[in-house]
Amino acid sequence: MGVRFSLPLPIKSKVKMSKFGDYVKSSYDELVHKVSWPSFKELQNSAVVVAVAALILAVIVFIMDYVCGVQGGAWKGILGIYYSIVS
């Protein structure tokens, strides 16, 4: 059995680190100078659009659940009516 160990890999980190540093510098430069960031008013408008769309989708899902009888209770929904006819 014994103890196993691996030999150290050759050091090429300076080449990799300089490439990584160049990547970070170019990414920062692009984010600061080339990206057009939206204004606060544009962000507010986008947030309102997303909230309204989420509300509409939630209402649609609620209606589908109600019609199909997923909520339980006395109303069995269209699927409940269908299953009572079939069985």
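The values are calculated or read from the model by the stated rules, or taken from the named source; none is laboratory data. This structure is a prediction, so every number in the text was calculated from the model and none was measured. Heads up, the Cβs are rebuilt from the backbone with ideal geometry, glycines too, and the neighbour counts pull from every protein chain shown.
Which residue, of ILE85, ILE56, is β-branched (Val, Ile, Thr) and at pLDDT 90 or above? Break it down into steps so the answer makes sense when it comes.
Working: ILE85 fails: at pLDDT 90 or above.
Of the residues listed, the single one that is β-branched (Val, Ile, Thr) and at pLDDT 90 or above is ILE56.
Taking SER36, is it hydroxyl-bearing (Ser, Thr, Tyr), outside any helix (DSSP H, G or I), surrounded by fewer than 10 Cβ atoms within 10 Å (Cβ to Cβ) and at pLDDT below 85? If you could, list the steps in order and put the result at the bottom.
Working: hydroxyl-bearing (Ser, Thr, Tyr): yes; outside any helix (DSSP H, G or I): yes; surrounded by fewer than 10 Cβ atoms within 10 Å (Cβ to Cβ): yes; at pLDDT below 85: no.
Answer is no for this residue.
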